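What follows is a short report on a single structure.
The values are calculated or read from the model by the stated rules, or taken from the named source; none is laboratory data. Keep in mind that this is a model prediction, so the values were computed, not measured. As a convention, Cβ positions derive from the backbone with ideal geometry for all residues, glycine included, and neighbour counts pool all protein chains shown.
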Amino acid sequence: MPALSNKPYRIGRSKTGLGLFATQPIKKGSKIIRYFGPMLDCNKKKDDAVENKYLFQISKRWTVDGSVRKNVARYINHACKPNAESDVNVKKRKIIIRAIKDIEPGDEINYDYGTDYFKEYLKPIGCKCDSCEKKRKKKAAEARAEKALLKQKAERKAQKQAEKYAGKGKAKKADKARAAKTSKAGGKTAKATKSKAKTTSVKAKKPEARKPKAKKPKAAA
């Protein structure tokens, strides 16, 4: 595998603090940097008691303590879809970080820290790698879209109900208007009938014209 002749990286500001960034094109398969530090023997209590975020386990017995300042590889951040990987040589107790993709200048170099580290340190606070950030943004966008859709459905339902009630209100007003018109017409008819009945009654009570009585002839003298 090709090895780069000079340091193709720099320490820079990342989303999670500091990170390691490419300063020149790095071809797939190239050795980027070595991860190193004091070797801890897990069979010794004093070594097994060491705790920090930069412990890199090589085997069940040996672990590299990469917290030393000279270990620039400790600045490489985790990614669920990385552009590099850790190549571990158990016999030589060496850890080499190699590119598994072509890396362009300015790209952040990253590799997968493994399941144990992820569960212990990253899962509780949420992984901030590009892949996980995209997933979160996608879920958030889908949630917003779902919320907007539900809101639109609720608004349409409310509008239909309002139109339904408005239609019922118009029907009631029309019914009331018809009832009032019918009542008014009925009142007029009743009034006319009453008036006619009154006229007939008056006519019935009017006395008939009396005939003049015939005068008796006077007796002859």
Q) Quick check, is ARG93 at pLDDT below 95 and within 30 Å of PRO8 (Cβ to Cβ)? A) yes
Q.
For a quick check of your reading: which strands (runs of 3 or more DSSP E) sit entirely within segment 55-124 and have at least 3 residues that are hydrophobic (A, V, I, L, M, F, W, C)?
A. 94-99
Q.
Considering only segment 85-95, I want to know if a residue exists there that is within 22 Å of ARG61 (Cα to Cα) and either in contact (Cβ under 8 Å) with a residue 60 or more places away in the chain or within 31 Å of the chain's Cα centre (by Cα) (or both).
A. yes
Q: For SER14, indicate whether it is more than 26 Å from GLU104 (Cα to Cα) and of a type in the set (Gly, Ala, Ser).
A: no
Q | Single residue of segment 49-69 satisfying the filter (in contact (Cβ under 8 Å) with a residue 24 or more places away in the chain and surrounded by fewer than 16 Cβ atoms within 10 Å (Cβ to Cβ)) that is farthest from ILE109 (Cα to Cα) | A | SER59
Q) Can you name the residue in segment 5-47 that is among the polar types (S, T, N, Q) and part of a loop (DSSP other than H, G, I, E, B) and is also surrounded by the most Cβ atoms within 10 Å (Cβ to Cβ) among such residues? A) SER30
Q. What number goes with the only condition from (1) hydroxyl-bearing (Ser, Thr, Tyr); (2) surrounded by fewer than 16 Cβ atoms within 10 Å (Cβ to Cβ); (3) in contact (Cβ under 8 Å) with a residue 60 or more places away in the chain that TYR75 does not pass?
A. (2)
Q. Name the pairs: first residue in segment 101-116 and over 24 Å from GLN24 (Cβ atoms), second residue surrounded by 17 or more Cβ atoms within 10 Å (Cβ to Cβ), Cβ to Cβ under 8 Å, at least 6 apart or on different chains?
A. TYR113/HIS78; TYR113/LEU122
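Out of contact with any Cys (no Cβ under 7 Å at 6 or more places or on another chain) and modelled with pLDDT of 95 or more: does that describe ARG136?
Considered against the rule, which asks whether it is out of contact with any Cys (no Cβ under 7 Å at 6 or more places or on another chain) and modelled with pLDDT of 95 or more, ARG136 comes out as no.
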